[in-house]
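Participant: Let me begin by handing over the structure; questions about it come next.
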Amino acid sequence: MRVFEGAPETFPGDGLGQDGSAIPYIECRDLFKIYKRADLEVVALRGVDLEVEKAEMIAIVGASGSGKTTLLNILSGLDRPSAGAVRVGGRDLLNISDRELVMYRRMESGFVWQATGRNLVPYLSVADNVELPMAIARVDAGGRRRRRMELLDALGMGDKAERLPHELSGGEQQRVAIGVAMANRPPLLLADEPTGELDTQTAVQVFQLLRDMNRQYQVTVVVVTHYPGVAEHVDRAVHITDGRISSESTLRPTFQRPGDSVHEEYLVVDRVGRLQLPQEYLERLSIQGLAKADISGDQLTLRRAAKGARSESGEEAAP
Ligand code: ADP
Ligand code: MG
């Protein structure tokens, strides 16, 4: 691990591995997070494998309690995993010192929370809110002002710089929050249900702005969301079920007509061959406990095992 001293230029993470090959910007390998409370243990992440390329924009989708916030908190350096490996920009977040973690949070990753009130300092103007992270990073007044004006213009908030947060709508507050998160030009932007408190139309605008930031500044974006239409705004949607990545979906252009695209969904099979079947399939096939897998050519067929398969020896009858 290389030591770095504040200035963004000296950060590790040139995107090349030790052998010079391209490595993913975010790399999670068999990531576990176990929360211990008194005598109770909650396994929030149970073996997450995830790779995100530099300047990619992905969404993390999943039911409440599936581990989305836990994963995002680990990527942002707010929380530490219990086991596994997690690297962001070549930095190992499992074996990072507290001092490095502070710098990582300040310079490498920007964060937007769901609760609009959590993103902004209520008694500071929009302009001062966006400048605050730069002031903490000791950017000079001229540099702060230029960056703040550039960001607020890009976010369509240039004319509201002197307002206080409570004088803005929820959507406007989230736009400013994106400005705050992007102030120190982090290579990574994380957002945890940033549109959770917004109506659909405003949510679409916020996703569009995150996409604009992603394209304009080549910032890698990971956004946790419940918004069903998110696939249109991201490169890839990653589905998390019960603490593991279960499937991924993308919108692929068909090129038959301009703008046409098809929604493609894939199951994720990890390095040791584990896959998670969608609940709907389990219910339709009543698969539980034992299943039979048959391979034929390049196809794998999965069916439930016959009743009593566990106790019988030898071949059991097909269901
Ligand atoms: P999501 O964001 O997908 O709703 P979370 O990551 O917040 O899910 O939570 C995943 C699981 O971990 C849940 O069962 C939740 O109750 C548990 N959990 C989250 N944070 C804590 C904590 N600080 N202490 C104990 N359990 C936690
Ligand atoms: Mg959450």
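Participant: Given springs between every Cα pair under 10 Å in a Gaussian network model of the chain, which of 45, 101, 188 has the largest fluctuation?
Facilitator: Looking only at 45, 101, 188, the biggest GNM fluctuation is shown by 101.
Participant: Now, a different point. Taking every pair of alpha-carbon atoms in the chain, what share in percent sits in each 10 Å bin, from 0 to the bin with the longest distance?
Facilitator: Values per bin, smallest distances first: 5, 23, 30, 23, 11, 5, 2, 0.
Participant: Determine the gain in length on full extension of the stretch residue 274-residue 136; use 0.36 nm per residue of separation and subtract their C-alpha separation, reporting nm with one decimal.
Facilitator: Values: separation 138, 0.36 × 138 = 49.68 nm, distance 4.48 nm.
Full extension of this stretch gives 45.2 nm more.
Participant: Further question on the same structure: Share of the chain's accessible area from carbon and sulfur, percent, 1.4 Å? Mind showing how you got there, number by number?
Facilitator: Details: 8510 of 17330 Å².
Taking all protein chains in place, the chain shows 49 percent carbon and sulfur surface.
Participant: Within the range 58-98, which residues have the backbone N less than 15 Å from the label spot 7 Å out from residue 36 along Cα→beta-carbon, could you tell me?
Facilitator: 80-83
Participant: Where does the longest stretch of the chain lie that holds no chymotrypsin sites (Phe, Trp or Tyr not before Pro) found in a DSSP loop with 12 or fewer other Cβ atoms within 10 Å?
Facilitator: Details: sites that count: 123, 255.
Counting only loop sites that pass the neighbour cut-off, the longest clear stretch is 124-254.
Participant: Expressed in nm to one decimal, what extension gain is obtained for the pair residue 242 and residue 92 from 0.36 nm per residue of sequence separation less their Cα-Cα distance? Mind dumping the intermediate values first?
Facilitator: On the way: separation 150, 0.36 × 150 = 54.00 nm, distance 2.47 nm.
Full-extension gain reported as 51.5 nm.
Participant: How many angstrom separate the Cα center of the range 166-209 from the Cα center of the range 227-251?
Facilitator: Here the two parts' Cα centres lie 19 Å apart.
Participant: Here's something else I'd like to know. Rounded to the nearest 500, what is the 222 nm mean residue ellipticity of the chain from helices alone, with -39500 (n - 2.57) per DSSP H run of 4+ residues and division by all residues? Kindly include the intermediate steps, with their values, before the conclusion.
Facilitator: On the way: 8 runs with 81 residues, N = 319.
Roughly -7500 deg cm²/dmol at 222 nm, from the helical runs in the chain.
Participant: Probe of 1.4 angstrom, ligands and nucleic acids ignored: what's the accessible area per residue over the chain, in square angstrom? Intermediate results must be reported in sequence, preceding the final value.
Facilitator: Numbers: 17330 Å² over 319 residues.
Here the residues of the chain average 54 Å² of exposed surface.
Participant: Starting from 0.36 nm per residue, how many nanometres of slack lie between residue 295 and residue 264 once their C-alpha separation is accounted for?
Facilitator: Numbers: separation 31, 0.36 × 31 = 11.16 nm, distance 2.32 nm.
Length gained between residue 295 and residue 264: 8.8 nm.
Participant: Would you mind telling me which residue in 22, 137, 154 has the biggest mean-square fluctuation in a Gaussian network model of the chain, where springs connect alpha carbons within a distance under 10 angstrom?
Facilitator: Highest fluctuation of the listed residues: 22.
Participant: Still on this structure: Between residue 281 and residue 216, what is the label-point separation in nm under the 7 Å Cα-to-beta-carbon projection?
Facilitator: Roughly 4.1 nm, to one decimal.
Participant: Enumerate the residues in the range 240-283 having an amide nitrogen under 13 Å from the point lying 7 Å beyond the Cα of residue 51 toward its Cβ.
Facilitator: The answer is 269-271.
The values are calculated or read from the model by the stated rules, or taken from the named source; none is laboratory data. Everything numeric in this text was worked out from a predicted model, so none of it was measured. For neighbour counting, all protein chains shown are included, and Cβ atoms are generated from backbone atoms with ideal geometry for every residue, glycine included. When the accessible area is computed, the model is the full protein with side chains, heavy atoms only, and any ligands, DNA or RNA have been set aside. Shrake-Rupley method; radii C 1.70, N 1.55, O 1.52, S 1.80 Å.
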